[in-house]
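Let me begin by presenting the structure, written as structure tokens, before commenting on it.
Only the coordinates and a few stated rules stand behind these numbers; no lab work does. Model, not experiment: these values are computed from the prediction. So basically every Cβ, Gly included, is an ideal-geometry build from the backbone, and we count neighbours across all protein chains shown.
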Amino acid sequence: MNLKRLMGVIATILIIFFVTAGNLEALAPNVVGFKMGYTHNQLRGKETGAELTIKKMAINGLGIGLVGNIKINSWLYFQPELLYFQKGGKYDVQVPLPVQIPGFQVNVIDTRSLEYLEIPLLLKVSLPVKFPVQPTFLTGMSFGLKLRGTLENKVNISISSYQFPYIRTEDITSQLKSIEPSYVIGGGFDINLGRSKMSIDQRFSFGLTTNDYETVIPASYFQNIGIPVPQDIVYRIQMYNYVFQLAITFFF
């Protein structure tokens, strides 16, 4: 996501936050908060089609938005959230080739940057200890509504001692499920600050459905550099989104 678009998303969420906070303040304290955090994202799953050798790597992202804090009893809360959420991952693929040429190898590094409107619906247990800092436990479901997906495809072609890099970017929004459910588990601390409260939590989000990705390396690129590849190289991978998030929420 470019800086201009990111700033627009943050500004929109801040406006919603201040309008919502003003309306709810008269009903109950600490019922709505503003959250910002860091996400550490990886794609995990299974590959289909030709056999692939894959090394999975993680990418970093951002989670930002609004958090509700609805008290059920002295230790249990319902915590709905509305977040702009970045997921995705990176992997190194050794691609099987449609032609046998001595010394000919194709290695690909794919980075998939995925953006969602994430709606976690969580139960939060806050241990009733008589201290300003209270340990918490979170669990529940989350539903991601797809916004955008981008693939950065770095292809390194090796033949004998020569290297031929090929880099391209592709919009892959159509390859994402419209709604992606996830299971969430985590915990942290609530810190009482008088009339307000701050929460620090870390959580893991496990995608329950895969996105079906297809990557195409056109035969014409190989032919343009004198390598007689007769057809496009295509590989398909089914991947789950796995996310670790560390975040701070300020309730007002």
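What does the highest-first list of 170-183, 125-138 look like by mean Cβ count within 10 Å? Walk me through the numbers on the way to the answer.
Numbers: 170-183: 15.0, 125-138: 13.5.
Taking the mean over residues of other Cβ atoms within 10 Å, the ranking is 170-183, 125-138.
Packing, taken as the mean count of other beta carbons within 10 Å per residue, orders the peptides 58-71, 110-123 from highest to lowest as 110-123, 58-71. Return the aspartates and glutamates within reach of LYS90: Cα separation strictly under 12 angstrom, same-chain partners fewer than 8 residues apart disregarded; answer none if there are no such residues. The qualifying aspartates and glutamates are ASP110, GLU152.
Which pairs break 30 Å Cα to Cα here: LYS177/LYS197; LYS35/LYS55; LYS55/LYS197; LYS55/LYS124; LYS56/LYS177? Distance filter (> 30 Å) returns LYS177/LYS197; LYS35/LYS55; LYS55/LYS197; LYS55/LYS124.
Computed packing ranks the peptides 75-86, 144-155 as 75-86, 144-155, most packed first, by mean other Cβ atoms within 10 Å. Relative to the Cα centre, the charge distribution of the stretch 3-251, modelled as +1 at Lys and Arg Cβ and -1 at Asp and Glu Cβ, gives a dipole magnitude of about 620 debye.
Volume per residue for the chain equals 133 cubic angstrom (convex hull of Cα atoms). Between GLY88, GLY65, LEU76, the Cα set farthest toward the positive side of the dipole of the stretch 43-106 (charges on each charged residue's Cβ, about the Cα centre) is that of LEU76.
Reducing the stretch 88-104 and the stretch 144-200 to their Cα centroids gives an inter-centroid distance of 23 Å.
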